[in-house]
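The structure under discussion appears below in the form of structure tokens.
The values are calculated or read from the model by the stated rules, or taken from the named source; none is laboratory data. Nothing here was measured: the structure is a model prediction, and the numbers come from that model. Cβ sites come from the backbone with ideal geometry, for glycine too, and all protein chains shown count toward neighbours. Ligands, DNA and RNA are excluded from the accessible area calculation, which covers all protein heavy atoms including side chains. Shrake-Rupley method; radii C 1.70, N 1.55, O 1.52, S 1.80 Å.
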Amino acid sequence: MALKNGKINTLNALGLRKVTFPAHHFQYTIIPKYSPILHDQIDDWIYHNLNNRYYVGQSLALIDNTIVYVTKIGFEQEKELSFFKLACPFLS
């Protein structure tokens, strides 16, 4: 259950929820810009509103034949990616 509902997540307590590398089995989306403030806001929103393991980090992508820095966000469960895309207020 999400932290906002008052339940302690076992993965949070063990420090295993946020991964430091983009795992191959995660489902990903990218935001075509990167800023440390946006990174922190998204990380905090995911931490408080979702339950399973996730990744948020900086990556490179090819957009319109230009290599740019993007924010790469991945989730272990595809349903959390769907909820994130629908509910996160920082995606606009």
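Taking the criterion of being touching an Asp or Glu at 6+ places or on another chain (Cβ under 8 Å) and under 16 Å from Phe75 (Cα atoms), would at least one residue in segment 32-48 satisfy it?
Quick first cut of segment 32-48, residues touching an Asp or Glu at 6+ places or on another chain (Cβ under 8 Å) only: none.
No; the residues of segment 32-48 include none that is touching an Asp or Glu at 6+ places or on another chain (Cβ under 8 Å) and under 16 Å from Phe75 (Cα atoms).
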| request: Can you run down the residue pairs with Cβ atoms below 6 Å, 6 or more apart or on separate chains, where the first is in segment 22-45 and within 11 Å of Phe90 (Cβ to Cβ) and touching a residue at least 12 places away in the same chain (Cβ under 8 Å) and the partner is open to solvent by 30 Å² or more (accessible area, probe 1.4 Å) and in a loop (DSSP other than H, G, I, E, B)? | output: Gln41/Phe90; Ile42/Phe90
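Please verify whether segment 47-55 includes one or more residues that are more than 20 Å from Leu11 (Cβ to Cβ) and touching a residue at least 24 places away in the same chain (Cβ under 8 Å). It would help to see each step written out before you state the result.
Applying the first criterion (more than 20 Å from Leu11 (Cβ to Cβ)) to segment 47-55 yields none.
Within segment 47-55, not a single residue is more than 20 Å from Leu11 (Cβ to Cβ) and touching a residue at least 24 places away in the same chain (Cβ under 8 Å).
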